[in-house]
6 protein chains.
Amino acid sequence: MPYVTVKMLEGRTDEQKKALVEKVTEAVSETVNAPKENITVFIEEMSKNHYGVAGVRKSDE
Amino acid sequence: MPYVTVKMLEGRTDEQKKALVEKVTEAVSETVNAPKENITVFIEEMSKNHYGVAGVRKSDE
Amino acid sequence: MPYVTVKMLEGRTDEQKKALVEKVTEAVSETVNAPKENITVFIEEMSKNHYGVAGVRKSDE
Amino acid sequence: MPYVTVKMLEGRTDEQKKALVEKVTEAVSETVNAPKENITVFIEEMSKNHYGVAGVRKSDE
Amino acid sequence: MPYVTVKMLEGRTDEQKKALVEKVTEAVSETVNAPKENITVFIEEMSKNHYGVAGVRKSDE
Amino acid sequence: MPYVTVKMLEGRTDEQKKALVEKVTEAVSETVNAPKENITVFIEEMSKNHYGVAGVRKSDE
């Protein structure tokens, strides 16, 4: 605890994902006073045809 | 806001997904009085071997 | 199937939520060709202090 | 109702997933007194580079 | 890992929830061969006015 | 995009939650190169009787 889920469009590099997990864990640890060992991060990717704002998918823009 | 997630079995066509995002956005906008620009829709697909009702997966029926 | 989750700020009336479930179900049924009996809708409410964009919570704006 | 989501690392066999859906459904049915027909189970798999504990992804250990 | 979320209508007793967490953990542990210490269970409750099937909320039936 | 959900036990102060949203947004922005305006953070709280590890809820420890 806490459990963090980051949902984003696919396409980030592996280095970006690695840094994302590391830095988000630090940000959570510092602000809610939780030891880093207790923090879990999940990355969920979505494709542009499965994500829309204002009724229009990113793949249709 | 609002954020809508539609979870369904894979297999829909791209045209169906496009219409889904458009029409769900309209339905949400009209009923909860939110501007369409503020509405986000995510589609999540699952396979038949990852989804079961009454203890039996769709892939095993 | 499908399963729809609508996440939004608290404060909508019961009538709005009733209409939301009805109209979203219709929109999903028509666009992905699923019988209405198979469609489930969940509403999840969040408070303004648990939701932020650009690093600022709605309760702090 | 209830709806159960099991999120785990990819790599389990199809037989394991089949048994998982069956046995989790039974456990839920017995403990909360719900008929099995009303219980839905979703499996969500994640890859090692999308899952981290203590700031380090499983793919980086 | 694994992480299990059980979403259900509010109203279960505390004893039922305690048994649910215990028995679901056992079912997952046995079927996917994961040590119980690695298994996490979350319970999420919803109210009858936030849950609908076939376009009708449970609170409106 | 991205959308971040932080799930944690209830009990954090409002100041901690405010800082959490701010700092997590910065961490995501820097690591995946997304403008802060595009980043959304949701906080979800759970109670000790709805969260268990190794088959035992936090409220029963």
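Listed values, structure above:
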read-out: Close pairs from the stretch F:12-39: first free of Cβ contacts under 8 Å to residues at least 40 places away in the same chain, partner of a type in the set (S, T, N, Q) and surrounded by 23 or more Cβ atoms within 10 Å (Cβ to Cβ), Cβ under 8 Å, at least 6 apart; value: F:Lys36/F:Thr25; F:Ile39/F:Thr25
read-out: Residues that are more than 17 Å from B:Thr40 (Cα to Cα) and surrounded by fewer than 23 Cβ atoms within 10 Å (Cβ to Cβ), drawn from the stretch C:11-30; value: C:Gly11, C:Arg12, C:Thr13, C:Asp14, C:Glu15, C:Gln16, C:Lys18, C:Ala19, C:Glu22, C:Glu26, C:Ser29, C:Glu30
read-out: Test: B:Val6 is buried (at least 23 other Cβ atoms within 10 Å of the Cβ) and within 9 Å of the chain's Cα centre (by Cα); value: yes
read-out: Yes/no for C:Met8 being in contact with a Leu (Cβ under 7 Å, 6 or more places away or on another chain) and not β-branched (Val, Ile, Thr); value: no
read-out: Filtered residue count, the stretch B:1-57, keeping only those that are of a type in the set (Ser, Thr, Tyr) and more than 7 Å from every other protein chain (Cβ to nearest Cβ); value: 3
read-out: In the stretch A:31-61, residue least open to solvent (accessible area, probe 1.4 Å) [restricted to those that are farther than 30 Å from B:Glu45 by Cβ and not β-branched (Val, Ile, Thr)]; value: A:Ala34
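The values are calculated or read from the model by the stated rules, or taken from the named source; none is laboratory data. Predicted model, so just to flag it, every value in this text is computed and none were measured. FYI the Cβ positions are ideal-geometry reconstructions off the backbone, even for glycines, and counts take in every protein chain you see. To get the accessible areas, we keep the full protein, side chains included, count just its heavy atoms, and leave off ligands, DNA and RNA. Shrake-Rupley method; radii C 1.70, N 1.55, O 1.52, S 1.80 Å.
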